[in-house]
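A short worksheet on the structure shown next.
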Amino acid sequence: MDTMIKNLIFDFGKVLVDYDFEAFFRKYIPDPERCLAFTPVIYNEKLQQILDREERPFEVIMEEWIEQNKQYESEIRYFNEHYPEIVTNEVEGMCELLTQLKAEGFKLYGLTNWCSKVHHTMAQFPIFKLLDGQIISSEEKVIKPEPEIYQRLFNKFNLKPEECLFVDDRAENIEGGRRLGMDGIVFKNAKQFERELRMKIQF
């Protein structure tokens with residue numbers, strides 16, 4: 001492998017595994033109007049960032065959220081108790097592709113914004129066994145695209161940014177890596193990612 005890129009860094013959600021908040025809530029909240037009203041109570045940027053950083057335990061954050069949203073206490077408790085069910089499956093084609101890339105000599109790492117319940121997901125889906133290591137925001141108390149989380153990845157695994165390529169479904173997270181010298185690809189699907197990767201490693 002005569003390329004500068006030796007390490008492939010993967011986001012988890014919408015890159016390695018898929019999740020569906022709306023389907024999860026529909027399953028547990030049969031009333032469509034209540035489901036529609038409740039979904040943004042949980043599925044919003046503010047709460048997701050609090051959970052991803054997890055400066056307090058997940059259950060504590062949930063109790064605080066119940067205090068602020070008393071009318072949805074039962075639904076929030078469902079969310080807390082059944083959280084791993086939000087993740088539905090591996091992203092199509094990615095397990096096979098990662099297996100192939102590993103065989104080609106690439107090192108594979110994870111870099112994800114995710115709460116501590118990510119470990120249920122990692123135990124459930126075989127794709128995570130292909131990773132050589134990972135950095136998880138809730139363990140580091142920093143989140144993408146903050147520079148510190150990328151730096152911790154480089155430091156922990158002794159990686160040079162210019163030898164890494166980051167794959168994430170959000171452009172701002174790719175840009176965060178680029179500011180530290182790590183190139184990236186905004187992920188849409190396995191075929192698009194492989195096509196762009198092959199183009200990059202040809203040169």
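Inside the stretch 27-62, can you point out the residues that are acidic (Asp, Glu) and surrounded by fewer than 16 Cβ atoms within 10 Å (Cβ to Cβ)? Hits for the stretch 27-62 are 31, 33, 45, 55, 59.
The set of residues in the stretch 140-179 that are loosely packed, with under 15 Cβ neighbours inside 10 Å and among the hydrophobic types (A, V, I, L, M, F, W, C) contains only 171.
Any residue at all in the stretch 77-89 that is in contact with a strand residue (DSSP E or B) (Cβ under 6 Å, 6 or more places away or on another chain) and buried (at least 19 other Cβ atoms within 10 Å of the Cβ)? Checking the stretch 77-89: at least one residue is in contact with a strand residue (DSSP E or B) (Cβ under 6 Å, 6 or more places away or on another chain) and buried (at least 19 other Cβ atoms within 10 Å of the Cβ).
Screening residue 83 with (1) assigned to a helix (DSSP H, G or I); (2) in the same structural domain as residue 174 (by TED's automatic domain parsing); (3) of a type outside the set (D, E, K, R) gives one miss only, at (2).
Just so you know, in the stretch 148-203 the residues that are in a helix (DSSP H, G or I) and among the β-branched types (Val, Ile, Thr) include one that is nearest to residue 132 (Cα to Cα), and it is 149.
Scanning the stretch 123-132 for residues that are without any contact (Cβ under 8 Å) to a residue 40 or more places away in the chain and either outside any loop (DSSP other than H, G, I, E, B) or not acidic (Asp, Glu) (or both) returns 123, 126, 129, 130. Looking only at the stretch 102-115, residues that are surrounded by fewer than 16 Cβ atoms within 10 Å (Cβ to Cβ) and touching a residue at least 12 places away in the same chain (Cβ under 8 Å) come to 3 in all. Apart from one condition, residue 145 fits all of (1) within 14 Å of residue 176 (Cα to Cα); (2) in a helix (DSSP H, G or I); the exception is (2). For the stretch 32-68, the candidate set comprises residues that are closer than 15 Å to residue 141 by Cβ and among the acidic types (Asp, Glu); within that set, the residue that is farthest from the chain's Cα centre (by Cα) is 55.
Entry remark, the stretch 1-57: residues being over 19 Å from residue 144 (Cα atoms), assigned to a helix (DSSP H, G or I) and not acidic (Asp, Glu) number 17 in total. Residues that are touching a strand residue (DSSP E or B) at 6+ places or on another chain (Cβ under 9 Å) and either modelled with pLDDT under 95 or under 30 Å from residue 69 (Cα atoms) (or both) do occur in the stretch 97-113.
The values are calculated or read from the model by the stated rules, or taken from the named source; none is laboratory data. Since this is a predicted model, take the numbers as computed values, not measurements. All Cβ positions, even for glycine, are placed from backbone atoms using ideal geometry, and neighbour counts span all protein chains on display.
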